[in-house]
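A.B. asks: I am attaching a structure below and will ask some questions about it afterwards.
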C-alpha cells in the first residue's frame, strides 16, 4: 500500500474508533479525557476499589501524576464502559473507577490491549502510561495506557 493509502486507512481507523467501533456511526467523534474518542455517559455511579501494589493508581491519579508516570508501568482497576475492537491492530478499552472529574475528562482512562473484556466487567489493566499521546487527525490523549494486559 502506498503512503497515501496508509494515511487514509489510518484516518478511517481513527474515525471508526471515535464512533465506538461502528463504521456506520463514522463521524460522531467527541472529546473526553482527550481530544480522541469519548466513552458513553454512565447514569449509575461507579465505585471500584483501587488495585493493590506499588504500581497501582486510580484513574484520576493517572492524570494527576502523568508527568511522573510517563513511560512507566501502571496498574489500574476499573469498570469497562466501552470497548472498540480491532482499531489500528488493537482493542481500545475505556475504564472508570469513580475517581476523576467528568467535566475535565479525568474520569475515563483509555487502555489499548489485545484482550477483549466485556462492557460492565470490572478489570485490572497493567501497561505503560503515556502522556499527551497524539495519533494524528485530532486524536490526542492526555493520558493513555498502552500494550496493556486486561484481566478480571
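Readers should treat all values here as calculations from the given coordinates under stated rules, not as data from a laboratory. All figures in this text were calculated on a predicted structure; none of them were measured in a lab. Reconstructed Cβ throughout: ideal geometry from the backbone, glycine too, with neighbour counts over all protein chains shown.
A.B. asks: Please provide three numbers in whole Å: the alpha-carbon extents of region 30-151 along the principal axes, with the largest listed first.
C.D. replies: The Cα atoms of region 30-151 stretch 35, 32, 29 Å along their principal axes.
A.B. asks: Given a Förster distance of 22 angstrom, what is the FRET efficiency for residue 146 paired with residue 119, based on the Cβ-Cβ distance and rounded to 0.05?
C.D. replies: The pair residue 146/residue 119 has a calculated efficiency of 0.60.
A.B. asks: How would region 38-103 be classified by its alpha-carbon gyration tensor: rounded, prolate or oblate, with rounded meaning a/c under 1.5 and the a/b versus b/c comparison settling the rest?
C.D. replies: oblate
A.B. asks: Could you check the simple spin-label distance between residue 49 and residue 70, using points 7 Å along Cα→Cβ, in nm with one decimal?
C.D. replies: Reported label-point gap for residue 49 and residue 70 is 3.5 nm.
A.B. asks: Same structure again: What whole-number distance in Å separates the alpha-carbon centres of region 57-97 and region 109-152?
C.D. replies: Region 57-97 and region 109-152 have Cα centres spaced 4 Å from each other.
A.B. asks: While we're on this one: Counting alpha carbon pairs within less than 8 Å and at least 6 residues apart, what relative contact order, in whole percent, applies to region 30-151?
C.D. replies: Across region 30-151, relative contact order equals 30 percent.
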